Every structure is written in C-alpha cells, then in structure tokens.
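Everything below concerns the one structure shown next.
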C-alpha cells in the first residue's frame, strides 16, 4: 500500500494583504488604461493575504536575475530543511529511510539541484535517487506525487520524499504591465512544502491510480518567457476556461477505476484561482464545499504553485482526516495545459512492513546497507 503521509508546509514571515495589493496597483499603475479591470480581477481572486520571502519594498525592486537567483538558492537552503524534518517526522521515518527525493520548483534554478545539497547536509544516503522537476509549474505538485507512487509501486519497500519550493515573488517583473501580469502580481505567494510517500505503512492517502492529461494546442496559455531579466510569466485570458476540457479527464480516470468523480469523499484540487474551483464544481456536479481545502489555501496563502496540493492535503489531515476507505481524487494543473491526477483511499491504520527483500535480487535497486526502517506511522 503506497501512502501519501501528512505534508509539512511553511510560509515566509513577510505578509501582504489584499488591501495592500490593491493600493499598490492603484499607486504604481494609476495611468494604466485597464487598471479598473485589473483591480476587479485581483479583488475577485479571494486571496486575503500572501506570504513573501522579502519585505514588499524589496520585492518591488529588480536587482537583476543573477541576484534574484542567488537569493532563491539562499532562501531555499535556509527554509527547506526544517520542513523536510517535519515531513519525515509526520511519516515516522529518518533520512536514512528515503530512497528517492523529488524536488519541484519553477521559480528559481539550481544545478546541481537542491536534492544534492539535501543529501550532503541532511544525512540522506549517497545512493538516494534524485528527480528534480522544473518545468511543470503548478502541475508539478501532482506530478511529484504520481512519480513517487510509480517508484513505490515498482519498489514496494521504498520511501520517497517530495519537496516543493516556490518563491513566486522573486519572479515579479515591474515592466510587465499586461492585465494577466497585474493579476498574477496579486495572486501568487511563496511557500515550502514537503511530504513523504511510503511504500509500506503510514497514515494518509493510499494511492491507487494516477494519470496525466494534456489539453491539445494550449502550450502557450501558461508559459515563461526567459529573458535577461529572468522569468516573465505569461498568462492567457483563456486559462480560467480550462476546466471544461479537464473535467472529463478527471471523470475518465475515476471511471477507469470504477468510481464516479462526482461522488467522492474528498477532493484535493490545485487552487489556480476561484474560477478554476467554481467551474470544476459545476462540471463535476459536486458542492463548492467539496473544494474547501483548496479554497482555504487560496484565501490564506494565494496560489503557491506546486505547493498548493500538498498544503490542501495538510488541511485535510488537520480537519481530522477521513474514515477508513474514504475515496478521493487529487489533481494539479499547470503549463501545457497539463493535469496530473491520482486516486486514493484514506487509510488510518499503519501497517507493519513486510520483511525486506534481498536488494541484490532487485534489478536497479540500491544496496541495502542502511539502518533498519522505522515502523512508526
């Protein structure tokens, strides 16, 4: 049983409220011909506040891509370890118990990936697999869960650590004045999230099936233009309409599993904006309350990109979880337009691991010279 355990999530200490965001837009873009439209769109996001890694005065400056990327690396190294430690504790595991690290981020660039630094500084085995994902944007949170599911299905005794590190505020571009850019300036926030997927044992969502779906001919609807000044976010006005073609994909994966996507017990959906959640509620014919975890993330943190789905799962846990066997769906949406989806059932009781196989008999599996695994849920 491959189980997604309780995520850990951390947001930076600097806060900007909706009222402050609107006032900044008014003062900085007073002569913008579409300011009224931009203000209405920002106000309709439902984002009460967002957290950012720098004070807003520093965020609004643009010292250059090099300096911003240096700050991204420094902030990641300062903030990720504590979140990883909490996620490992939630899963009842140690660094020595991890077989692969999936690191997702679309707001900064490092090579080698932060995975190498984590392995060297936090005691993960030197043979830990590394899977950095940088170009799936907000869908990467769902993709990380799915790739962890695949790995643990192939290697049932394995455990995978997922890390999502998104500092969207470091992508602010003061010269981008399109309505989509102004909306993005009031929508995205910063966060770090981590979770463990256990191949055996653990309390959480027992993953059963996953799939991806690409909406044809939409690759320029959400994109980066990479320039000397860094990442310039491009958001097409048609993006909010994507739930109409994506809802059937959710119905298809559920139907292939013998489930009805409109009659599940819990829903973990990427909170790209309120229109996304409203439309999906309509097309799946489920009450708006079904997406309460995603709406709470959007309200309190804004769109935190790949970290959204992990934060919504955290909120599911903190509400008390679900009854044993409760069925649910998780979906992340991002550039492409891409959907990463998975199905699972809630499991409350940790299961004792089966005796570990001789690793020498598993093709491609790392040597088993490591401490015995913890069996704590």
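The values are calculated or read from the model by the stated rules, or taken from the named source; none is laboratory data. Predicted model only: the values in this text are computed from it and were never measured. Positions of Cβ are backbone-derived with ideal geometry, glycine not excepted, and every protein chain shown enters the neighbour counts.
Could you tell me which residue of the stretch 252-303 is surrounded by the fewest Cβ atoms within 10 Å (Cβ to Cβ), considering only residues that are in a loop (DSSP other than H, G, I, E, B) and free of Cβ contacts under 8 Å to residues at least 24 places away in the same chain?
So the residue we want is 258.
So, in the stretch 218-251, how many residues would count as being in a loop (DSSP other than H, G, I, E, B), within 19 Å of residue 172 (Cβ to Cβ) and free of Cβ contacts under 8 Å to residues at least 40 places away in the same chain?
Result for the stretch 218-251: 0.
Step by step: first the residues of the stretch 322-343, then only those that are modelled with pLDDT of 95 or more and part of a loop (DSSP other than H, G, I, E, B), then the one that is surrounded by the most Cβ atoms within 10 Å (Cβ to Cβ). Which residue is that?
322
Any idea which of (1) assigned to a loop (DSSP other than H, G, I, E, B); (2) more than 19 Å from the chain's Cα centre (by Cα); (3) closer than 20 Å to residue 332 by Cβ is the one residue 106 doesn't satisfy?
Of (1) assigned to a loop (DSSP other than H, G, I, E, B); (2) more than 19 Å from the chain's Cα centre (by Cα); (3) closer than 20 Å to residue 332 by Cβ, only one is false for residue 106: (2).
One line per residue, one yes/no per condition, for (1) within 18 Å of residue 119 (Cβ to Cβ); (2) out of contact with any strand residue (DSSP E or B) (no Cβ under 6 Å at 6 or more places or on another chain):
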{"residue": "48", "(1), (2)": "no, yes"}
{"residue": "56", "(1), (2)": "no, no"}
{"residue": "59", "(1), (2)": "no, no"}
{"residue": "69", "(1), (2)": "no, yes"}
{"residue": "73", "(1), (2)": "yes, yes"}
{"residue": "79", "(1), (2)": "yes, no"}
{"residue": "86", "(1), (2)": "no, no"}
{"residue": "95", "(1), (2)": "yes, yes"}
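Residue under question is residue 152, and the condition is that it be within 21 Å of residue 210 (Cα to Cα), in the same structural domain as residue 66 (by TED's automatic domain parsing) and modelled with pLDDT under 95; does it hold?
On the way: within 21 Å of residue 210 (Cα to Cα): yes; in the same structural domain as residue 66 (by TED's automatic domain parsing): yes; modelled with pLDDT under 95: no.
When the stated conditions are applied, residue 152 does not pass them.
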